[in-house]
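Read through the structure below, which is laid out as structure tokens, and then see the notes.
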């Protein structure tokens, strides 16, 4: 009885089917891993761009409450930043707490370099220039 069943099975076809199904599962797994990695990268980039924008807005401001523009970026960079960015942010937060002031340019420069690299943009060495209070209101 078993011999009759084994004689009726087309082993090359069975092996081909098993390999095809295994290939589908492998491709699905690799695609889902790639999608997950891309989504993580996109999320990280978006948070760091927003952090950069808020820190840049807070830089060199006089008489404007900038707390909201500094607190959230500090938290976001500690969550999504590189090790170097996290260390720089902790140093910056400590300086802010102790002296109520700090220089944001070094951190902004590091974020800009990292984001430009992540986005495959040309590397630039031009220093960041924050422009404030130099012109009459725009029309």
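Each value in this text was obtained by applying a stated rule to the coordinates, not by laboratory testing. Predicted model only: the values in this text are computed from it and were never measured. Glycine also receives a Cβ, built like all others from the backbone with ideal geometry; neighbour counts cover every protein chain displayed.
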Quick one: order 82, 89 by neighbouring beta-carbon count within 10 Å, fewest to most.
82, 89
What residue among 48, 115, 96 shows peak mean-square fluctuation when the chain is described by a Gaussian network model with Cα springs under 10 Å?
96
With everything on Cα atoms, drop me the angle between helix 68-80 and the longest principal axis of the chain, reported from 0 to 90° to the nearest 10.
30
Between 0 and 90°, nearest 10: helix 105-118 axis offset from the chain longest Cα axis
30
Between residue 130 and residue 113, 0.36 nm times their residue separation minus their Cα-Cα distance comes to what?
4.5 nm
